[in-house]
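Chemist: Encoded as C-alpha coordinates, here's the structure I'll be asking about.
The values are calculated or read from the model by the stated rules, or taken from the named source; none is laboratory data. Keep in mind that what you see is a predicted model, and the values were worked out from it rather than measured. Counting neighbours? That spans all protein chains shown, and the Cβs are built from the backbone with ideal geometry, glycine included. In case anyone asks, the SASA skips ligands and DNA or RNA and just uses the protein heavy atoms, side chains included. Shrake-Rupley method; radii C 1.70, N 1.55, O 1.52, S 1.80 Å.
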Amino acid sequence: MGLRDDKKQATRTAIADAALALFLEKGFDRVTVAEVGRAATVSVNTVFNYFPTKEDLFFDRQDEVIQRLARAVRDRVPGETPAAAVHRAFLERLDRDDATLGLDPAAARFWRVVDDSPALLARARLLRELTEEALATALTAAAPPDAASPASGHLAAALLSAADHALHAEIRRRITRGESPESVRAVIRATAGRVFAVLNGVS
(Lines give C-alpha, C1' and ligand atoms only; values in the text may rest on other atoms or scores of the structure.)
Protein backbone atom coordinates (compact mmCIF):
# COMPACT_ATOMS: atom_id res chain seq x y z
CA MET A 1 0.00 0.00 0.00
CA GLY A 2 1.06 3.59 -0.57
CA LEU A 3 1.38 6.29 2.06
CA ARG A 4 -2.20 7.44 1.46
CA ASP A 5 -3.55 3.94 2.01
CA ASP A 6 -1.37 3.53 5.10
CA LYS A 7 -2.77 6.76 6.55
CA LYS A 8 -6.35 5.72 5.82
CA GLN A 9 -5.81 2.34 7.46
CA ALA A 10 -4.21 3.99 10.50
CA THR A 11 -7.19 6.34 10.83
CA ARG A 12 -9.64 3.46 10.51
CA THR A 13 -7.80 1.46 13.16
CA ALA A 14 -7.64 4.44 15.53
CA ILE A 15 -11.38 5.02 15.21
CA ALA A 16 -12.21 1.34 15.75
CA ASP A 17 -9.88 1.09 18.77
CA ALA A 18 -11.36 4.23 20.34
CA ALA A 19 -14.88 2.94 19.75
CA LEU A 20 -14.19 -0.48 21.24
CA ALA A 21 -12.66 1.04 24.37
CA LEU A 22 -15.79 3.14 24.90
CA PHE A 23 -18.15 0.23 24.16
CA LEU A 24 -16.36 -2.00 26.66
CA GLU A 25 -16.44 0.73 29.29
CA LYS A 26 -20.02 1.97 28.88
CA GLY A 27 -21.88 -0.58 26.77
CA PHE A 28 -22.78 -0.27 23.12
CA ASP A 29 -26.11 1.52 23.51
CA ARG A 30 -24.73 4.18 25.85
CA VAL A 31 -22.01 5.40 23.49
CA THR A 32 -22.69 7.93 20.72
CA VAL A 33 -20.82 8.28 17.45
CA ALA A 34 -19.93 11.82 18.51
CA GLU A 35 -18.16 10.40 21.58
CA VAL A 36 -16.22 8.03 19.37
CA GLY A 37 -15.16 10.91 17.15
CA ARG A 38 -13.94 12.92 20.10
CA ALA A 39 -12.01 9.96 21.49
CA ALA A 40 -10.36 9.34 18.12
CA THR A 41 -9.87 13.11 17.51
CA VAL A 42 -11.79 13.04 14.23
CA SER A 43 -15.12 14.51 13.14
CA VAL A 44 -18.40 12.61 13.18
CA ASN A 45 -18.44 12.78 9.39
CA THR A 46 -15.02 11.12 9.30
CA VAL A 47 -16.27 8.31 11.53
CA PHE A 48 -19.19 7.69 9.17
CA ASN A 49 -16.89 7.82 6.15
CA TYR A 50 -15.10 4.76 7.52
CA PHE A 51 -18.00 3.09 9.33
CA PRO A 52 -21.48 3.67 7.84
CA THR A 53 -23.28 2.46 10.99
CA LYS A 54 -22.55 2.28 14.68
CA GLU A 55 -22.68 -1.53 14.50
CA ASP A 56 -19.89 -1.40 11.90
CA LEU A 57 -17.73 0.31 14.52
CA PHE A 58 -18.14 -2.61 16.87
CA PHE A 59 -17.75 -5.38 14.29
CA ASP A 60 -14.95 -3.60 12.48
CA ARG A 61 -13.59 -6.85 10.98
CA GLN A 62 -16.91 -8.08 9.70
CA ASP A 63 -15.92 -8.14 6.01
CA GLU A 64 -13.04 -10.47 6.87
CA VAL A 65 -15.33 -12.65 8.97
CA ILE A 66 -17.99 -12.91 6.25
CA GLN A 67 -15.49 -14.03 3.62
CA ARG A 68 -13.24 -16.36 5.64
CA LEU A 69 -15.09 -19.62 4.87
CA ALA A 70 -15.62 -18.72 1.22
CA ARG A 71 -11.96 -17.77 0.94
CA ALA A 72 -10.92 -21.13 2.36
CA VAL A 73 -12.93 -22.87 -0.36
CA ARG A 74 -11.63 -20.64 -3.15
CA ASP A 75 -8.01 -21.08 -2.02
CA ARG A 76 -8.06 -24.81 -1.39
CA VAL A 77 -5.31 -26.97 -2.85
CA PRO A 78 -5.98 -29.47 -5.69
CA GLY A 79 -7.85 -32.51 -4.45
CA GLU A 80 -8.85 -30.87 -1.15
CA THR A 81 -12.53 -31.07 -0.27
CA PRO A 82 -14.36 -27.94 0.88
CA ALA A 83 -14.72 -29.39 4.39
CA ALA A 84 -11.01 -30.17 4.55
CA ALA A 85 -10.19 -26.66 3.35
CA VAL A 86 -12.44 -25.04 5.94
CA HIS A 87 -10.97 -27.31 8.62
CA ARG A 88 -7.40 -26.43 7.62
CA ALA A 89 -8.16 -22.71 7.57
CA PHE A 90 -9.76 -22.97 11.01
CA LEU A 91 -6.69 -24.72 12.46
CA GLU A 92 -4.41 -22.10 10.94
CA ARG A 93 -6.41 -19.38 12.68
CA LEU A 94 -6.32 -21.40 15.89
CA ASP A 95 -2.53 -21.74 15.71
CA ARG A 96 -1.96 -18.02 15.22
CA ASP A 97 -4.50 -16.96 17.87
CA ASP A 98 -6.58 -15.06 15.35
CA ALA A 99 -8.43 -12.30 17.19
CA THR A 100 -11.79 -13.22 15.66
CA LEU A 101 -11.72 -16.57 17.49
CA GLY A 102 -11.89 -14.85 20.87
CA LEU A 103 -9.31 -17.02 22.62
CA ASP A 104 -8.10 -14.10 24.72
CA PRO A 105 -9.77 -14.00 28.18
CA ALA A 106 -10.57 -10.34 27.47
CA ALA A 107 -12.99 -11.54 24.78
CA ALA A 108 -15.49 -12.32 27.53
CA ARG A 109 -16.06 -8.56 27.97
CA PHE A 110 -16.61 -8.20 24.23
CA TRP A 111 -19.36 -10.81 24.21
CA ARG A 112 -21.01 -9.38 27.32
CA VAL A 113 -21.42 -6.12 25.40
CA VAL A 114 -22.99 -8.05 22.52
CA ASP A 115 -25.37 -9.92 24.82
CA ASP A 116 -26.52 -6.64 26.37
CA SER A 117 -27.40 -5.03 23.03
CA PRO A 118 -30.32 -6.13 20.82
CA ALA A 119 -28.74 -4.22 17.93
CA LEU A 120 -25.47 -6.14 18.21
CA LEU A 121 -27.24 -9.47 18.60
CA ALA A 122 -29.16 -8.74 15.41
CA ARG A 123 -25.95 -7.80 13.59
CA ALA A 124 -24.25 -10.99 14.81
CA ARG A 125 -27.12 -13.04 13.35
CA LEU A 126 -26.84 -11.14 10.08
CA LEU A 127 -23.10 -11.81 9.91
CA ARG A 128 -23.75 -15.54 10.27
CA GLU A 129 -26.29 -15.42 7.45
CA LEU A 130 -23.96 -13.44 5.17
CA THR A 131 -21.08 -15.81 5.95
CA GLU A 132 -23.20 -18.79 4.95
CA GLU A 133 -24.40 -17.09 1.77
CA ALA A 134 -20.84 -16.17 0.74
CA LEU A 135 -19.79 -19.78 1.34
CA ALA A 136 -22.73 -21.10 -0.70
CA THR A 137 -21.73 -18.84 -3.59
CA ALA A 138 -18.14 -20.10 -3.44
CA LEU A 139 -19.24 -23.74 -3.27
CA THR A 140 -21.64 -23.35 -6.18
CA ALA A 141 -18.97 -21.67 -8.29
CA ALA A 142 -16.50 -24.45 -7.48
CA ALA A 143 -18.92 -27.32 -8.18
CA PRO A 144 -18.23 -29.47 -11.26
CA PRO A 145 -20.57 -28.98 -14.26
CA ASP A 146 -22.27 -32.32 -13.57
CA ALA A 147 -23.09 -31.48 -9.95
CA ALA A 148 -26.42 -32.96 -8.90
CA SER A 149 -28.09 -29.66 -8.08
CA PRO A 150 -27.20 -26.03 -7.38
CA ALA A 151 -29.01 -26.53 -4.07
CA SER A 152 -26.24 -28.86 -2.93
CA GLY A 153 -23.94 -25.87 -2.52
CA HIS A 154 -26.42 -24.24 -0.16
CA LEU A 155 -26.84 -27.45 1.82
CA ALA A 156 -23.09 -27.91 2.22
CA ALA A 157 -22.73 -24.24 3.15
CA ALA A 158 -25.40 -24.59 5.84
CA LEU A 159 -23.65 -27.62 7.33
CA LEU A 160 -20.13 -26.16 7.22
CA SER A 161 -21.15 -22.77 8.54
CA ALA A 162 -23.15 -24.40 11.34
CA ALA A 163 -20.08 -26.40 12.35
CA ASP A 164 -17.91 -23.30 12.24
CA HIS A 165 -20.41 -21.35 14.35
CA ALA A 166 -20.64 -24.18 16.87
CA LEU A 167 -16.86 -24.23 17.29
CA HIS A 168 -16.78 -20.47 17.83
CA ALA A 169 -19.64 -20.73 20.32
CA GLU A 170 -17.78 -23.42 22.25
CA ILE A 171 -14.68 -21.24 22.41
CA ARG A 172 -16.81 -18.38 23.69
CA ARG A 173 -18.50 -20.58 26.31
CA ARG A 174 -15.23 -21.96 27.65
CA ILE A 175 -13.36 -18.64 27.67
CA THR A 176 -16.30 -16.94 29.39
CA ARG A 177 -16.26 -19.72 31.98
CA GLY A 178 -12.64 -18.89 32.75
CA GLU A 179 -10.78 -21.76 31.08
CA SER A 180 -7.24 -21.00 29.90
CA PRO A 181 -6.64 -20.28 26.18
CA GLU A 182 -4.20 -23.21 26.05
CA SER A 183 -6.74 -25.75 27.31
CA VAL A 184 -9.50 -24.33 25.12
CA ARG A 185 -7.25 -24.49 22.07
CA ALA A 186 -6.49 -28.17 22.70
CA VAL A 187 -10.14 -29.11 23.20
CA ILE A 188 -11.31 -27.17 20.16
CA ARG A 189 -8.59 -28.66 17.95
CA ALA A 190 -9.73 -32.18 18.85
CA THR A 191 -13.41 -31.28 18.49
CA ALA A 192 -12.85 -29.67 15.08
CA GLY A 193 -11.11 -32.83 13.90
CA ARG A 194 -14.12 -34.96 14.77
CA VAL A 195 -16.66 -32.51 13.35
CA PHE A 196 -14.96 -32.01 10.00
CA ALA A 197 -14.25 -35.72 9.62
CA VAL A 198 -18.02 -36.24 9.58
CA LEU A 199 -18.64 -33.34 7.21
CA ASN A 200 -15.92 -34.29 4.77
CA GLY A 201 -18.22 -36.74 3.04
CA VAL A 202 -21.05 -34.27 2.46
CA SER A 203 -19.19 -31.33 0.92
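Chemist: With a probe of 1.4 Å, find how much accessible area the chain has per residue, and write the answer as a whole number in Å². Numbers along the way, then the final one.
Modeler: Values: 11040 Å² over 203 residues.
Spelled out: the 1.4 Å probe surface of the chain, per residue, equals 54 Å².
Chemist: Among PHE51, LEU69, VAL31, flag the residue with its Cα farthest along the positive direction of the charge dipole of region 1-98, charges on Cβ as +1 for Lys/Arg and -1 for Asp/Glu.
Modeler: Going by the charge dipole, the pick is PHE51.
Chemist: Mind running the shape call on region 1-144? Use the C-alpha gyration tensor, a ≥ b ≥ c as the square roots of the eigenvalues: rounded below 1.5 for a/c, prolate if a/b tops b/c, oblate otherwise.
Modeler: Working: a/c = 2.11, a/b = 1.72, b/c = 1.23.
Because a/c hits 1.5 or more and a/b exceeds b/c, region 1-144 counts as prolate.
Chemist: Just flag the trypsin sites (Lys or Arg not before Pro) in region 85-142 sitting in loop per DSSP whose Cβ has no more than 16 other Cβ atoms within 10 Å.
Modeler: ARG96
Chemist: How large is the charge dipole for region 65-158, taken about the Cα centre, if only the Cβ atoms of Lys, Arg (+1) and Asp, Glu (-1) carry charge, to the nearest 20 debye?
Modeler: 140 debye
Chemist: If you roll a 1.4 Å probe over the chain with all protein chains in place, what percent of the accessible area is carbon or sulfur?
Modeler: Here it works out to 57 percent.
Chemist: What shape does region 77-203 take by its C-alpha gyration tensor, where a ≥ b ≥ c are the square roots of the eigenvalues and a/c under 1.5 counts as rounded, a/b above b/c as prolate, and the rest as oblate? Could the numbers behind the result be given before it?
Modeler: Details: a/c = 2.75, a/b = 1.54, b/c = 1.79.
Oblate shape, in that a/c is at least 1.5 and b/c is the bigger or equal ratio.
Chemist: Explain nothing, just the number: dipole magnitude of the chain about its Cα centre with +1 on each Lys and Arg Cβ and -1 on each Asp and Glu Cβ, in debye rounded to the nearest 20.
Modeler: 220 debye
Chemist: Which distance in Å, rounded to a whole number, links the C-alpha centroids of region 32-57 and region 86-123?
Modeler: Distance between centres, Cα-based: 23 Å.
Chemist: Return a whole-number percent for the relative contact order of region 1-116, with Cα pairs under 8 Å and 6 or more residues apart as the contact set.
Modeler: 23 percent
Chemist: Right, next: Over the chain, what is the relative contact order in percent, taking alpha-carbon pairs closer than 8 angstrom and at least six residues apart?
Modeler: Relative contact order for the chain comes out at 23 percent.
Chemist: Could you give the size of the charge dipole of region 95-203 about its Cα centre, using +1 on the Cβ of each K and R and -1 on the Cβ of each D and E, expressed in debye and rounded to the nearest 20?
Modeler: In total the dipole reaches around 340 debye.
Chemist: Using DSSP to call loops (not H, G, I, E or B), can you name the trypsin sites (Lys or Arg not before Pro) in region 44-77 whose Cβ has at most 13 other Cβ atoms within 10 angstrom? If you can, show how the numbers build up before the last one.
Modeler: Values: sites: LYS54, ARG61, ARG68, ARG71, ARG74, ARG76; in loops: ARG61, ARG76.
Sites meeting the loop and neighbour criteria: ARG61.
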